[in-house]
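Okay, structure first, notes after.
The values are calculated or read from the model by the stated rules, or taken from the named source; none is laboratory data. Computed from a prediction, not measured in an experiment: that's the story for all the values here. Note that we place each Cβ from the backbone using ideal geometry, even for glycine, and neighbour counts take in every protein chain shown. Remember, those area values only see protein heavy atoms, side chains included, never the ligands or the DNA or RNA. Shrake-Rupley method; radii C 1.70, N 1.55, O 1.52, S 1.80 Å.
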Amino acid sequence: MHIAPFNNENRAIVAEDDAHVPYVYFNIVKLRAGEHFDYRLKGYETCVVPATGTVTVACAGESFAGIGNRGKDVWDGDPEGVYVPTDTGCRITAQTDTEVFIAGAKFAETLKPFAVRTPELDLVQYGSDDTKTHRKIKHILGAAHHDRVGRLLVSELFTVGAGGWSGFPSHKHDTDRRDDAGELIETRHDECYNFRFKPDYGSGLQMLQRVDNEPGDAYHIVDGSTVLIDKGYHPCCALPGYEMYYFTILGGQSQRSLKQFFQPTHAEQLHTIPGIMDMVAKFK
């Protein structure tokens, strides 16, 4: 499902128990310096990530100041974030004018809050210019924080260079299932993307192929597009000449670690894309 950019007025773009992706939550909050925003989600753990600007995040009796160091856009520096536990009141106070992403995943247990600073990011770069798959991933809540988070995975993904494909070879993660030997071969993880382009009049394509070798859907994505991935194989691409970014939220049905199932038709291309298995290993 594609949600075109709109002024959400600080209200959730993907609310709790969404009909398409019930395991994830997404909001964009825009504040002027000195303004604040309060929220509490009973059934979802969340992560506060400034897209631009700097904020203070207060929750569970703790205050995390100076979160975020980016200026004009998401390319202007590295991300930072604060993990906010389930059913915990949170106040975001803008130290500068800011745009803030709030990412969430359904999780019943209440853990402890913590901040993720730039040096703590999990960084992965893989692919190649030759295969048109060169990209960089900045995991905010990735493998390094596996023991401190319930079901939520939060990352930022960048195409490297102008144009190219992301999420290829095509994969899906819409079913918890094991093979005949009992080995886990896929997990159910709902997913939400929010896209940005550089320059901001750039655009791209999000594919969603629900059955291998049968026609699927394709969405024209622009700066600010939100895409919900409920099921199926889902590569995306940026038009030649443009850089693409997308904020990524994953929420697992039964576990946090993501097990991707690669589309059989294209699975042999796993061997043609440098570093892709390093990328797979970081989604834990």
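Some values worked out for this structure:
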{"quantity": "Scan of segment 109-129 for residues that are open to solvent by less than 20 Å² (accessible area, probe 1.4 Å) and more than 14 Å from L141 (Cα to Cα), ordered by number", "calculated": "Y126, G127"}
{"quantity": "Which numbered condition M277 fails, given (1) touching a residue at least 24 places away in the same chain (Cβ under 8 Å); (2) closer than 24 Å to A144 by Cβ; (3) not acidic (D, E)", "calculated": "(1)"}
{"quantity": "Checklist (1) at pLDDT below 95; (2) under 30 Å from E120 (Cα atoms); (3) open to solvent by 10 Å² or more (accessible area, probe 1.4 Å); (4) in contact with a Gly (Cβ under 9 Å, 6 or more places away or on another chain) applied to G216, failing item", "calculated": "(2)"}
{"quantity": "Qualifying residue in segment 48-63 (condition: at negative phi, of a type outside the set (S, T, N, Q) and free of Cβ contacts under 8 Å to residues at least 40 places away in the same chain)", "calculated": "yes"}
{"quantity": "Residue selected from segment 187-213 under the condition at pLDDT 95 or above and among the charged types (D, E, K, R), by the criterion surrounded by the most Cβ atoms within 10 Å (Cβ to Cβ)", "calculated": "D190"}
{"quantity": "Segment 18-39 - residue that is touching a residue at least 24 places away in the same chain (Cβ under 8 Å), over 21 Å from G68 (Cα atoms) and not hydroxyl-bearing (S, T, Y) and, of those, surrounded by the fewest Cβ atoms within 10 Å (Cβ to Cβ)", "calculated": "H20"}
{"quantity": "Residue check for K132: open to solvent by 50 Å² or more (accessible area, probe 1.4 Å), over 23 Å from E45 (Cβ atoms) and at pLDDT 95 or above", "calculated": "no"}
